[in-house]
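Structure record follows, encoded as structure tokens.
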Amino acid sequence: MDSSPILDLVRAATSLREVYFGIRFFPPFRVVPGHISLSQNTSLETLIIGIVYLVWEPFGVPDFGWLPDTLKDIASTCFRQFKIQIRIENTTQFSYIPWGRIDGILCCPEFPSFRQLTIELCSRSSMPWRGLEYEGELSANEVLPVARRYLPNLAARGALTVIETPPS
């Protein structure tokens, strides 16, 4: 039987326990719905999405509507942890991600094993493009109260953590 690499990848992707997607936005700043599909994976326990910047001047704010749609598409009842890696310069940037939808999806009965959303704040020195202008960085202590407001259900369940990645 002839086996193509694409079929092998699809077959392997249905049984992966941890998946990492690194997203770097360039104009026009969009992820096409369905490009990240986890609907065939019934073993997924951890999803990590690394987003380099929430905004990149002068191009504006990317559309993050794909993010909750990707979570909603997960078929695994083993799904326990979602980690999002971001760099935030101010609390306004935090609002660019549709956290309310994410909060509702991760607290729904379709994810009975879900235990933890981790927001990992990446320092500027751990990110590429170090020469870009920036306002500064927020600490985990500054972001946690904001995250609790945007993700009240996960916060109430004790399933919300904000951490900092040490500079490289």
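The values are calculated or read from the model by the stated rules, or taken from the named source; none is laboratory data. Quantities reported herein were computed from a predicted structural model and do not represent experimental measurements. Positions of Cβ are generated from backbone atoms using ideal geometry, with glycine treated the same way; all protein chains shown enter the neighbour counts.
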key: Among (1) among the charged types (D, E, K, R); (2) closer than 20 Å to TYR96 by Cβ; (3) at pLDDT below 95 - the single one ARG130 does not satisfy   = (2)
request  = Would you check if SER76 is at pLDDT 90 or above and hydroxyl-bearing (Ser, Thr, Tyr)?
outcome  = no
ask   = Tell me, which residue of the range 86-127 that is at pLDDT 75 or above, of a type outside the set (A, V, I, L, M) and in contact with a Pro (Cβ under 6 Å, 6 or more places away or on another chain) is surrounded by the fewest Cβ atoms within 10 Å (Cβ to Cβ)?
value = ARG101
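I need the full set of residues from the range 140-159 which are aliphatic (A, V, I, L, M), in contact with a helix residue (DSSP H, G or I) (Cβ under 8 Å, 6 or more places away or on another chain) and part of a helix (DSSP H, G or I), in order please.
Going through the range 140-159, the residues aliphatic (A, V, I, L, M) turn out to be 140, 143-144, 146-147, 151, 154-156, 159.
If we keep only those that are in contact with a helix residue (DSSP H, G or I) (Cβ under 8 Å, 6 or more places away or on another chain) too, we end up with 143, 146-147, 151, 154-155, 159.
Once the filter is applied, which keeps residues that are aliphatic (A, V, I, L, M), in contact with a helix residue (DSSP H, G or I) (Cβ under 8 Å, 6 or more places away or on another chain) and part of a helix (DSSP H, G or I), the range 140-159 yields VAL143, VAL146, ALA147, LEU154, ALA155.
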ask   = If you go through the range 81-94 one residue at a time, how many are within 14 Å of the chain's Cα centre (by Cα) and either of a type outside the set (Phe, Trp, Tyr) or closer than 13 Å to THR46 by Cα (or both)?
value = 8
inquiry  = Please determine whether any residue of the range 8-19 is part of a strand (DSSP E or B), at pLDDT 60 or above, of a type in the set (Gly, Ala, Ser) and more than 17 Å from ILE102 (Cβ to Cβ).
reply    = no
